[in-house]
Amino acid sequence: MSTDLGITLAEYVRGVASGEISCEEYVVATLDRIEKHDAKLHAYVSVDADAVEAAKGVDAAVRAGRDVGALAGAPFGIKDNICMAGTRTTCCSWMLEDYVSPYDATVVDRLSGSGGIVVGKTNMDEFAMGLTTEFAAFGPSLNPWNTECVPGGSSGGSAVAVSALECIASLGSDTGGSVRNPASFCGIVGYKPTYGRLSRYGLVSYANSIEQVGIMARSVEDVGIVMNAISGEDKMDDTTRRDVRSGADHTPDHIADIDGGVEGMAVGLDVDSFDESTDVGSAVRRAADAFEAAGATVTDVHIDHGPSSVASYYVLTAAEAGSNLARYDNLRYGYDMPQEGYEYNAYISRARSRLGPEVTRRMILGGFVPSAGHAGKYYLKALKMRDALSAQVDGVFADGNLACILSPTVPVLPFKFGEKIDDPVELFRMDSNTVLANLTGRPSISVPFAMSSGLPIGVQLTGSLDSDAQLLRIANTIHASSESKGAPQL
Ligand code: GLN
């Protein structure tokens, strides 16, 4: 088999459009690789064999001289909480085991409209709650760099699929780091845009006011290519926005300036987010040095994120999840439960017993924190903390000089399965660097930068609102000096 599955999306698209790469061969090789490795890695929960027919169509279009779109038959993995007409969208929950989406999410619609081919739906923590895929109802995904370690989550399957060359790029969702965290653990690029840049229509809601669809790929340019294809205003999602800074009625180009470098830019180093004596912390310091070598200035910034950001994140997301997941009562959405008696409370609690431990924990918390008598102490307080965090971040970017904030994506290296599963608060703390961007709507990206003990380390860059194109340019620069290259040996 000569097909090189490790190329970037940019290389692939050029190759297919010029006829040098056969889309059919690449897609068949991708499906073969899934067949060979995925029984072990479990990146996918379903695979679409029709992808080969779609690929043949792309090759035929190239031969006929027709436009094959910006994504030119590139094979994608899509997180299983994003709807695709006629396919199962289980959110990796027994509750939705047989649920078939009646429509396409806008991001899926735009992806296929630009020529992308979905090869399968990817594994995740149940309803996107978690950060290891250990809460995935059908079993976890394994980290391809070391299969004893977690791949990160909740979009763990989407990250494993890109890292293990089981697709060229993927979509996930990022409520509190679920795209960036697994990207960091699996050694790929993971990007969460400014809130409202990507439509959430067809993304199964966990915490609407906080989450975004995110993009995972092997290069920053690839992320920009996908962003150009799928971002922008959507009539089906009122929270999507135009490029408000320029007032233009089009979305910005995310790749035009991607090679522009960082000469003269200022990078803020979030000095309280890491400990330089650790492997992760020293990698962040070296990333700061690499920025200076590339012509940027690095200045220390102080953001007081913890524990207030993690605490307010978990209160707000639980409250939104409690309301969003109320529909899984086996009356509106559910599964084929034997009908034995109809006493309301007994029925609902029996139906909900299908939900796993983490989702149950969040729903109980989500009923409590906004409830009468407690809201002031929890939910309303968390809203205030969110505003205060936004004001802090605004303060950091206030003089217009700072281009982004640099921190680790996750404070630790990928850890072993079972290591933190029994301590929910310890797991919550792993989100300490990522939730800031979600709570404040800012764009943020994880770039693979270093390796330690054979495991990847990602650094995180967070930008100001709507600075997405600039953030990708900065990320592209640091990725060029990354110490980690290549794919894991399977
Ligand atoms: N770990 C976070 C949580 O469990 C992040 C989840 C996410 O981004 N979907 O809520």
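Worth a mention:
- Tensor-based shape of region 440-490 (alpha-carbon gyration tensor, a/c under 1.5 rounded, otherwise prolate or oblate): prolate
- Amide H partners (placed H, <5 Å) of T240, local residues excluded: D234
- The average projected area of region 355-442, computed from the convex hull of its Cα atoms over all directions, is 7.7 nm².
- Counting only heavy atoms of the protein chains and using a 1.4 Å probe, T239 has close to 50 Å² of accessible surface.
- Remark: relative contact order (region 122-216) = 25 percent; criterion is Cα-Cα distance under 8 angstrom and separation of 6 or more residues.
- Computed log₁₀ I(q)/I(0) - Debye formula, equal Cα scatterers, no solvent, region 104-167, q 0.20, 0.26 Å⁻¹: -0.77, -1.02
- When the alpha carbon gyration tensor of region 61-178 is reduced to an equivalent ellipsoid, its three semi-axes come out at 26, 17, 10 angstrom, largest first.
- Amide H contacts of G458: T409, V410, F449, each under 5 Å away and 5 or more positions distant or on a separate chain (H built 1.01 Å from N in the peptide plane; Pro and chain starts excluded).
- Cβ-Cβ FRET estimate between R361 and T299, R0 fixed at 25 Å, reported to 0.05: 0.05
- Area of E134 that stays accessible when all protein chains are in place (1.4 Å probe, Å², to 10): 40
- Per-residue accessible area (protein heavy atoms, 1.4 Å probe) orders L5, L472, L490 as L490, L5, L472, starting from the largest.
- Span from the region 120-152 Cα centroid across to the region 80-110 one, whole angstrom: 18
- Bridge orientation summary for the chain: considering DSSP beta bridges with both residues in this region, about 65 percent are antiparallel.
- Estimated at the nearest 10 Å², the accessible area of H374 is 70 Å² with a 1.4 Å probe.
- Remark: the K36-N208 segment gains 58.2 nm on full extension, using 0.36 nm per residue and subtracting the alpha carbon distance.
- Gyration tensor (alpha-carbon) shape descriptor, region 292-394, a/c threshold 1.5: prolate
- Dipole moment magnitude, nearest 20 debye, region 147-302 about Cα centre, only Lys, Arg, Asp, Glu C-beta charged: 440
- Quotient of Cα Rg and 2.2 N^0.38 Å for the chain, N being how many residues it contains: 0.92
- Relative contact order [Cα under 8 Å, 6+ residues apart], region 104-147, whole percent: 22
- Charges were assigned to the Cβ only: +1 to each Lys and Arg, -1 to each Asp and Glu. The resulting dipole of the chain about its Cα centre is roughly 800 debye.
The values are calculated or read from the model by the stated rules, or taken from the named source; none is laboratory data. Keep in mind that this is a model prediction, so the values were computed, not measured. Quick reminder, even Gly has a Cβ in these numbers, built from the backbone with ideal geometry, and neighbours come from all protein chains shown. Note: accessible area is taken over every heavy atom of the protein model, side chains too, but ligands, DNA and RNA are not part of it. Shrake-Rupley method; radii C 1.70, N 1.55, O 1.52, S 1.80 Å.
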